[in-house]
Amino acid sequence: MTTTAIVTGAGTGFGLALTRALADRGVAVVACARDAVRLRSAVADLPGVHAVPGDVNDPAARAAVLAAAGERIDLLVHNAGELGPSPLPTLSDYPAGALRAVLETTLLAPLQLTQLALPALRAAGGTVVTLSSDAAVEAYPGWGGYGAGKAALDQFAAVLGVEEPDLAVYAFDPGDMRTAMHQRAFPGEDISDRPQPETVVPAFLRLVDERPASGRYRAADLAVPA
Ligand SMILES: NC(=O)c1ccc[n+]([C@@H]2O[C@H](COP(=O)([O-])OP(=O)(O)OC[C@H]3O[C@@H](n4cnc5c(N)ncnc54)[C@H](OP(=O)(O)O)[C@@H]3O)[C@@H](O)[C@H]2O)c1
């Protein structure tokens, strides 16, 4: 049973929806996001949730997250993501510095946070989940930077899964969700037909509860009847 979790990017969107659901289950959650006021107010009423404001790219913030979690981590969720420029530029115009920022948050921060967390994850026989996207496997114009980051993160999860056979390591593709990031990807468009992030949480919980073999899983394939 999951008792201690870290969720990055927990101030809004899917990370907040997941944090709420974990708190409902009695899980002690260390919740991280950059906007301290928004994060603290979002989790203020959630029992067992410890807000640790900070940027996952900041070594001190990663250390603070680990210190708050303690010596046993059952679940580490690399949910914080970086879309890159909006509107999404084609690769012909993609600024290298913007891609570097996407890769810092998408790939390097999860690597370094995982490295810090591994002793506590091993102690718990824990689970690591990275948030993937269909843009990691499909070729959509404009999604080259974000998609390259998510493809790299998928491969990170795949290799971690074989290197750490006592852990469960999943790349989880949530599908489209009505969030701030999704709106930035489609500026000016009506995204009200996209599902709320709360509707994806049951698929995520099914994944960590059933603990299938490490690998890449789509929420759509884990759908839980309402
Ligand atoms: N929405 C979709 O349709 C969709 C589809 C596929 C995959 N995903 C993936 O799902 C995950 C969650 O996305 P979302 O749509 O829920 O995003 P969101 O609503 O924009 O929320 C992102 C959260 O991450 C935090 N965050 C961003 N950068 C951070 C950083 N460097 N350090 C710490 N926290 C950071 C943000 O808060 P602060 O700004 O306060 O830091 C916010 O709380 C992402 O990995 C995304 O790529 C989303």
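The Cα-based radius of gyration of the chain, divided by its Kirkwood radius, gives an Rg/Rh of 0.94. Computed from Cα positions, the angle between helix 144-163 and the longest principal axis of the chain comes to roughly 30 degrees. Counting every alpha-carbon pair across the range 55-188, the share separated by more than 22 Å comes to 39%.
All other residues whose Cβ lies under 13 angstrom from that of GLY126 are scored, Lys and Arg at +1 and Asp and Glu at -1, for a net of -1. When the Cα gyration tensor is reduced to axis lengths a ≥ b ≥ c, the ratio a/c is 1.5 or higher for the range 176-216, and with a/b above b/c it is classed as prolate. Compared with the dominant Cα axis of the chain, that is its longest principal axis, helix 13-24 is turned about 20°.
Sorted fewest first by neighbouring Cβ atoms within 10 angstrom, ASP93, ASP154 come out as ASP93, ASP154.
Kirkwood's formula applied to the C-alpha pairs of the range 42-120 gives a hydrodynamic radius of 14.4 angstrom.
Rounded to the nearest 500, the 222 nm mean residue ellipticity of the chain from helices alone is -12500 deg cm²/dmol, with -39,500 (n - 2.57) taken per DSSP H run of at least 4 residues. Global size of the range 118-226: 15.0, 47 Å for Rg and Dmax (C-alpha atoms, Rg to one decimal, Dmax whole).
Only the coordinates and a few stated rules stand behind these numbers; no lab work does. Keep in mind it's a predicted model, so treat the numbers as computed, not measured. Every residue, glycine among them, receives a Cβ derived from its backbone with ideal geometry; neighbour counts consider all protein chains shown.
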